[in-house]
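> Following this message is one structure expressed as structure tokens.
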Amino acid sequence: MVKNILLACVLTAAGGYLLGSILFGVLISKVMYNDDVRNHGSGNAGLTNFYRNYGAKCAPMVIAFDMLKAVGAVLLGNYFLGYLLGWGAAGKYFGALFCVIGHMFPVFYGFKGGKGVLVAAGAILAVQPVLLPVLALIFLVCLVPTGMVSLGSITMAAAYPVLTLVYSLLRGLPTQDVVVCTVGAAIVGGMVIWMHRTNIQRIRD
């Protein structure tokens, strides 16, 4: 049984991490523009830098693929840890967490990736899709008056575990599931906020 648990964890972690390590902002910039988005602007591989350098034409492709890889990682966790071992939501968050880690520190790109906002959004879409429109609204409320994408991303990441806790309680989930979902959301949201630490300093300044 222990071997099965270890194998399931390794497969989920490895699969999620490798999916996260595929940086579609870099791939699409190379395929569509014969360029590398990391050579411009902030040097980041994420959507914001991609959009600022190449415009809106291919940005939806980056959004879609970065979110879908997170969905794939959640499905891996749901199968290996949820379906086979009965871990439920914990398996989904386990896959999502390693996908976020892979996106932030991709093995294919020298461990320098994006800030994980789209990947986190994809994980939310797969785990708790009802929360995504609310979080998107929070993002827009911060973005529209300030023009600061980072502020919207940070606020959205901070709100995610709070909304998860409220939603889990309203659904009447067992205490164990409430704890797992809230802690999982807090870890994912916390990682996104940590990747924005330099932005936080600029906002404070």
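> Figure the gain on full extension for Val162 and Val183 (residue separation times 0.36 nm, minus the Cα-Cα span) and round it to one decimal in nm.
Gain on extension, Val162 to Val183, equals 6.5 nm.
> OK, next. Rounded to the nearest 10 degrees, what's the angle between the helix 24-33 long axis and the longest principal axis of the chain, both from Cα atoms, 0 to 90?
40 degrees
> For the range 90-205, with all protein chains present and a 1.4 Å probe, just round the carbon and sulfur fraction of the accessible area to a whole percent. It would help to have the intermediate numbers written out before the result.
Working: 4030 of 5610 Å².
About 72 percent, which is the carbon plus sulfur part of the accessible surface.
> A further question follows. Would you mind giving the average projected area, over all directions, of the Cα convex hull of the range 1-76 in nm² with one decimal?
With every direction weighted equally, the projected area is 5.5 nm².
> What's the angle, to the nearest 10 degrees (0 to 90), between helix 117-127's Cα axis and the longest principal axis of the chain?
In the chain, helix 117-127 runs at an angle near 30 degrees to the longest axis.
> When the dipole is taken about the Cα centre of the chain, and only Lys, Arg (+1) and Asp, Glu (-1) are charged at their Cβ, what size is it in debye, to the nearest 20?
200 debye
> Using the structure shown, list the pairs from Lys69/Lys115; Lys30/Lys92; Lys30/Lys69 with a Cα-Cα distance above 21 Å, or answer none.
Lys30/Lys92
> Write down, largest first, the equivalent ellipsoid semi-axes of the chain in whole Å, where each equals the square root of 5 times an eigenvalue of the alpha-carbon gyration tensor.
On the way: eigenvalues 160, 93, 35 Å².
Equivalent-ellipsoid dimensions as semi-axes: 28, 22, 13 Å.
> Considering only protein heavy atoms, what is the solvent-accessible area of Phe111 at a probe of 1.4 Å, reported in Å² to the nearest 10?
120 Å²
> Can you give the accessible area per residue of the chain, in Å², using a 1.4 Å probe?
On the way: 10250 Å² over 205 residues.
Dividing the accessible area of the chain by its residue count gives 50 Å².
> Another question, then. Can you find, among Leu169, Ala89, Ile138, the residue farthest towards the positive end of the dipole of the chain? Put +1 on the C-beta of Lys and Arg, -1 on that of Asp and Glu.
It is Ile138, whose Cα lies furthest towards the positive end.
> Ok, one more. Across the chain, where is the longest run that never hits trypsin sites (Lys or Arg not before Pro) in a DSSP loop with at most 16 other C-beta atoms within 10 Å? Walk me through the numbers before you get to the answer.
Values: sites that count: Lys57, Lys112.
Formally, the longest exposed-site-free interval is 113-205.
> Assuming 1.567 mPa s and 4 °C, estimate D for the range 97-169 with Stokes-Einstein, Rh taken as the Kirkwood radius over Cα pairs, in µm²/s.
In µm²/s, the coefficient is 99.
> Per residue Cα convex hull volume for the range 59-152, in cubic angstrom? List each step's numbers first, then the result.
Details: hull volume 9.4 nm³, N = 94.
About 100 Å³ per residue, rounded to a whole number.
> Something else: Going by alpha carbons, how many degrees (0 to 90, nearest 10) lie between the helix axis of 175-195 and the longest principal axis of the chain?
Value to nearest ten degrees: 20.
> Sort Tyr33, Tyr54 by heavy-atom solvent-accessible area, probe 1.4 angstrom, most to least.
Tyr33, Tyr54
The values are calculated or read from the model by the stated rules, or taken from the named source; none is laboratory data. Please read all numbers here as calculations on a predicted model, not as lab measurements. Here the Cβ is made from the backbone with ideal geometry for all residues, glycine too, and neighbour counts use every protein chain on show. Each accessible area value is taken on the protein alone, full model and side chains, heavy atoms only, with ligands, DNA and RNA left out. Shrake-Rupley method; radii C 1.70, N 1.55, O 1.52, S 1.80 Å.
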